1. Pick out, from region 60-156, the helices (runs of 4 or more DSSP H) lying fully within it that include 3 or more residues that are in the same structural domain as residue 215 (by TED's automatic domain parsing), surrounded by 22 or more Cβ atoms within 10 Å (Cβ to Cβ) and touching a residue at least 12 places away in the same chain (Cβ under 8 Å).
2. From the list 318, 294, pick out the single residue that is touching a strand residue (DSSP E or B) at 6+ places or on another chain (Cβ under 6 Å) and surrounded by fewer than 23 Cβ atoms within 10 Å (Cβ to Cβ).
3. Do the conditions hold for residue 330, that is, is it touching a helix residue (DSSP H, G or I) at 6+ places or on another chain (Cβ under 9 Å), in contact (Cβ under 8 Å) with a residue 60 or more places away in the chain and in a loop (DSSP other than H, G, I, E, B)?
4. Restricting region 15-35 to residues that are aliphatic (A, V, I, L, M) and farther than 22 Å from residue 46 by Cβ, which is farthest from the chain's Cα centre (by Cα)?
5. Can you pull out every residue in region 59-115 that is of a type in the set (D, E, K, R) and out of contact with any strand residue (DSSP E or B) (no Cβ under 8 Å at 6 or more places or on another chain)?
6. Of the numbered conditions (1) within 30 Å of residue 189 (Cβ to Cβ); (2) in contact with a Gly (Cβ under 6 Å, 6 or more places away or on another chain), residue 129 fails exactly one; give the number of that condition.
7. When residue 21 is evaluated against the numbered criteria (1) over 22 Å from residue 165 (Cβ atoms); (2) not in a strand (DSSP E or B), which criterion, by number, is the only one it fails?
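The values are calculated or read from the model by the stated rules, or taken from the named source; none is laboratory data. All of these numbers come straight from a predicted model, not from anything done at the bench. Quick reminder, even Gly has a Cβ in these numbers, built from the backbone with ideal geometry, and neighbours come from all protein chains shown.
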Amino acid sequence: MTEGRRPSAREIIALVADGFHELPRPVRDFRPDGPLGWPGYDLSRARAAQRTGETESVVCGTASVGGTQAVLIAFEFGFLGGSLGERTGDRLEAAYVYAREHRLPVVPLVATGGSRMQEGMLALTQLQRVARQSALTRAAGLAQIAVLRDPTTGGGWATLGAGADVVLALPGAQVGFAGSRVRPPDADPAAYTAEAQVAAGSADAVVAQEELRETLGRWLRLLTGVSGEPAPVPEALGARDLPASGWDAVQRARAPERPRAARYLDAYFDGRLAISGDRCGGTDPDGMLCGFGARDGRTVAYAAQTGAATRPAGYRTATRLIGLADRLGIPVLTLVDTPGAANDAEAEREGVGASIAELFGAVAIARTPITTLVIGEGGSGGALALAAPGRTWAAPDSYFSVIAPELAAAILKRPEDEVELTAGQLRIRPQDLAELGVIRAGEGPER
């Protein structure tokens, strides 16, 4: 592969996989120059075939990626700009059907300029076919991991790319719904890059080409490592003795040296990969960590608050994580640690209430088991939304409260010197919560 040159479909397959076997190609008869009789279309196709060695803009088949069998869909950008036409749709549909029949994950390696002009609306309607096949595969509980190459624009981005469960991108790839030839003249080109899509929460990570094989293999192993057993409760990493008073519990939870989410996750997992973004314009890397990890040979999903106020994008990312884990049958671990949801004006404009409601709903209806450990502050509904009813434990240096004691005293119009008294009356210590039946005792980290 020549450095700086856009890799072909078969070159990108060889880069990430072993033992590729191409799937049978569906046959469709066209009238001369295609369904619209577009002058010169047959000649354009013939030239594209001679230049690339392909007969369509996608190559579909099965291969081993890091030891996991998957269906690969690789776009050939050299064939009419990787555009989607009716024959492209035939191949894509056949690939997804094969994946469902053989219970294989799907890996689209996307490089496309969008729908094929020479086939008009018939080309555009292929997006409906692709979206349906992707949805059926999602409903079948099979993972889809997209790799965005240069360029990924138009309907290919809006279906195969953005519709995947995990979205990876190559550095510097052009990624956006609007291609370079149709953008407004004053458009900022930096907004249409892989890096910008990750920053906006529309993709999970930028992965260097030389790291793509290993990263894809790790993701496929994690998302196919299904286990119905609940995630074990993590061991408490901080204080071992229980707090003497409510205010003592608060001080312990707020101590700067107390272990936070990243430390818990590092101790819990043998290795992990993160997902990022709420898929509607936001990320919350300072407030919520989400992803999948390997523990004792099986996969556990995680959503962990970091001790900061959680923003709407954080709640939406956690909702996305739980929904994906539920579809794939992967158990979930949640770590609660927040003084509460972000309550600034920007958070309200971003729909903090709706984002919390979505998370409450996702936890409530999840079929996969969810295990929760409160590792620090449990501030109000912004913390409770991440907690599994009936399967929540608490570390000794944590508390869970209807609201922070200072705010509770303010609501009750109490003077400042009664905050500590209020903390005790709220019964927020782990032992209080166990007695009240809010958390479980005896099997968790305090044992």
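1. Output list reads 86-101, 126-139.
2. The unique qualifying residue is 294.
3. Here the answer is yes, as residue 330 does meet what is asked.
4. Taking region 15-35 as the starting set, the residues that turn out to be aliphatic (A, V, I, L, M) are 15-17, 23, 27.
Pick out the ones that are also farther than 22 Å from residue 46 by Cβ and you get 15-17, 23.
Details: 15: 24, 16: 21, 17: 23, 23: 28 Å.
Filtering first and then ranking leaves 23.
5. Of everything in region 59-115, those that are of a type in the set (D, E, K, R) and out of contact with any strand residue (DSSP E or B) (no Cβ under 8 Å at 6 or more places or on another chain) turn out to be 86, 87, 90, 93, 100, 101, 103.
6. Among (1) within 30 Å of residue 189 (Cβ to Cβ); (2) in contact with a Gly (Cβ under 6 Å, 6 or more places away or on another chain), residue 129 violates only (1).
7. (2) is the only condition that residue 21 fails.
For (1) of a type in the set (Gly, Ala, Ser); (2) over 22 Å from residue 431 (Cα atoms); (3) assigned to a loop (DSSP other than H, G, I, E, B), each residue gets a yes or a no:
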{"residue": "347", "(1), (2), (3)": "yes, yes, no"}
{"residue": "354", "(1), (2), (3)": "yes, yes, no"}
{"residue": "372", "(1), (2), (3)": "no, no, no"}
{"residue": "375", "(1), (2), (3)": "no, no, no"}
{"residue": "378", "(1), (2), (3)": "yes, no, no"}
{"residue": "382", "(1), (2), (3)": "yes, no, no"}
{"residue": "390", "(1), (2), (3)": "yes, no, yes"}
{"residue": "406", "(1), (2), (3)": "no, no, no"}
